[in-house]
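Right, one structure below, let's go through it.
The values are calculated or read from the model by the stated rules, or taken from the named source; none is laboratory data. From a predicted model like this one, the values you see are computed outputs, not experimental measurements. Cβ: placed from backbone, ideal geometry, glycine included. Neighbour counts: every protein chain shown. Ligands, DNA and RNA are excluded from the accessible area calculation, which covers all protein heavy atoms including side chains. Shrake-Rupley method; radii C 1.70, N 1.55, O 1.52, S 1.80 Å.
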Amino acid sequence: MLMLIGVVGGFATMAGITNARADYKEGYLAYKAGNYKSALQQWQDVANSDPRAAYALGLIYYRGKVGRTDYDSAAKWFGVAARANHPNALYYMGLLYLNGWGVSYDQFKATDFFKRSLDANGDNADAAFLLAEQYMHGRGAMQNYVDAARYYLKAAQMGMPAGQYMIGAMYERGWGVNPDLSEAYYWLRLSALKPINTPPGTELEADPGKAIALLEQKLRPEEIRRVEDRLGTSIH
């Protein structure tokens, strides 16, 4: 889950920091109370000097909190925060370029922003998953199953069902990794525990139940038991 409060970069005078924090906090409290217009005003006053406020403005416009969704304004403010290396702003800029929302459709820029986002925040499962998709399908990057599997696994290890499903499929097929049906079965079983959702503007055709049933026909009973032992109580 991407959080509203992000990482601040850049430099400011001590007085400037104090004022920016006060205004940012007021905007945050207004946002939490559902007073989005007040939050908008508070953050606009400091957005050019406080990347948190710029990112928050981007979210307001991206989510349509003060009217219809405004991707142009979202891109403007996410861009301001991204220039200060705000991790979540970098991610959203990648998402905008991936879908052509408020910016020109550019898969190479999308890939670059996802990489920068993941470098700044290694816990962003959505960024890892989308990077895997870029390498898997050769969008904005040369097709590379090894890199795709690496990023799917990273998303999977962070608990993202879509990443778990895809790394399971990679292990089953031996794409980018050595084929391993037991490992495939483990990740597919995990992916079936929660709904499989993907980032906005993307989709994944996934049927973990069917994939699991097919694998069970190929695995020995003792292999299935070992996976169940590995899964432990998470499957109950």
Virtual spin-label span in nm between R63 and R139, 7 Å along Cα→Cβ: 2.5
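Determine the equivalent ellipsoid of the chain by diagonalising the alpha-carbon gyration tensor, then write out the semi-axes as square roots of 5 times the eigenvalues, largest first, rounded to whole Å. Don't skip to the answer; put the middle values down first.
Working: eigenvalues 314, 68, 46 Å².
Whole-Å semi-axes of the equivalent ellipsoid: 40, 18, 15.
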Order of exposure, largest accessible area first, which applies to D119, D72, D112 with probe 1.4 Å: D119, D72, D112
Computed [θ] at 222 nm, helices only, for the chain once each DSSP H run of length n ≥ 4 contributes -39500 (n - 2.57): -20000 deg cm²/dmol
The stretch 98-220, accessible area per residue, ligands and nucleic acids excluded (1.4 Å, Å²): 48
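Could you tell me whether the stretch 28-100 comes out rounded, prolate or oblate from its Cα gyration tensor? Rule is a ≥ b ≥ c as square roots of the eigenvalues, rounded for a/c under 1.5, then prolate if a/b exceeds b/c, otherwise oblate. Display every interim value, and only then the final one.
Numbers: a/c = 2.11, a/b = 1.30, b/c = 1.63.
Oblate, because a/c is 1.5 or more while a/b does not exceed b/c.
Two decimals, Cα atoms only, Kirkwood Rh: what is Rg/Rh over the stretch 91-156? Please report the intermediate quantities before stating the final value.
Values: Rg = 10.8 Å, Rh = 11.3 Å.
Rounded to two decimals, Rg/Rh equals 0.95.
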Inter-probe distance in nm under a simple model that places probes 7 Å from Cα toward Cβ, at Q41 and E222: 7.3
Phi to ³J(HN,Hα) by Karplus 6.51 cos²θ - 1.76 cosθ + 1.60 over the stretch 120-130, Hz, x for Gly, Pro: 7, 9, x, 9, 8, 5, 5, 5, 4, 4, 5
Amide N proximity, the stretch 179-197 versus L214 label position 7 Å along Cα-to-Cβ, cut-off under 17 Å: 179-192
Candidate lysines for bridging to K25, where Cα separation is under 20 Å - those fewer than 8 sequence places away on the same chain excluded: K37, K65
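How long is the gain from D119 to L29 if the chain were fully straight, where each residue apart is worth 0.36 nm and the alpha carbon distance is subtracted?
Numbers: separation 90, 0.36 × 90 = 32.40 nm, distance 2.95 nm.
Result: 29.4 nm gained on full extension.
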Accessible-area composition of the chain, carbon plus sulfur, in percent [1.4 Å probe]: 49
24 Å Cα-Cα reach of K115 towards lysines, excluding residues that sit fewer than 8 places from it in its own chain: K76, K154
Spacing of the two label points (7 Å from each Cα toward its C-beta) at Q157 and S73, in nm: 4.1
Kirkwood-based Rg to Rh ratio, the stretch 123-235, C-alpha trace: 0.97
